[in-house]
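Values quoted throughout were computed directly from the atomic coordinates according to the rules given, and no laboratory measurement underlies them. Given the structure is predicted, the values throughout are model-derived calculations rather than measurements. Cβ placement follows ideal geometry from the backbone for every residue including glycine, while neighbour counts extend to all protein chains displayed.
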Amino acid sequence: MAGFFACLEDELKLPFTTRLFGVEVSVEQIEQTEHDDIVAVCRRDTDTAGIRLVDLPLPTPLPEGAQWIAAWKKWRIGS
């Protein structure tokens, strides 16, 4: 997990915009959790929420480095 997180920190271009539950949010950072997971910290106005990276819908076009999100999802939940 630490290797994926390091690659995401280095390669994923932040911030980027995506939609959660029909609402546009800004993905501002990623964080490791104490449960060996990675979350995207999303902001809308003054509200923030952590969304598991495996549950994060990606925008089109994909942000730079999104291939690392795809690799994490594949590794975390399988193919």
Checklist outcome for this item: Output for Cβ contacts, cut-off 6 Å, separation at least six or different chains, first residue closer than 19 Å to residue 36 by Cβ in the stretch 60-79, second among the β-branched types (Val, Ile, Thr) and part of a helix (DSSP H, G or I), reads 73/54; 76/54; 77/54
Checklist outcome for this item: Matching residues in the stretch 22-38 (out of contact with any Asp or Glu (no Cβ under 8 Å at 6 or more places or on another chain), closer than 14 Å to residue 52 by Cα and not charged (D, E, K, R)) number 5
Next on the checklist: If I filter the stretch 55-72 for residues that are touching an Asp or Glu at 6+ places or on another chain (Cβ under 7 Å), surrounded by 15 or more Cβ atoms within 10 Å (Cβ to Cβ) and outside any strand (DSSP E or B), do I get at least one hit?
Outcome noted: yes
Checklist outcome for this item: Going through the stretch 14-69 in order, the residues found to be small (Gly, Ala, Ser) and in contact with a Lys or Arg (Cβ under 7 Å, 6 or more places away or on another chain) are 26, 65
Item to check | When residues of the stretch 16-54 are limited to those that are of a type in the set (A, V, I, L, M, F, W, C) and outside any strand (DSSP E or B), the one surrounded by the most Cβ atoms within 10 Å (Cβ to Cβ) | outcome: 53
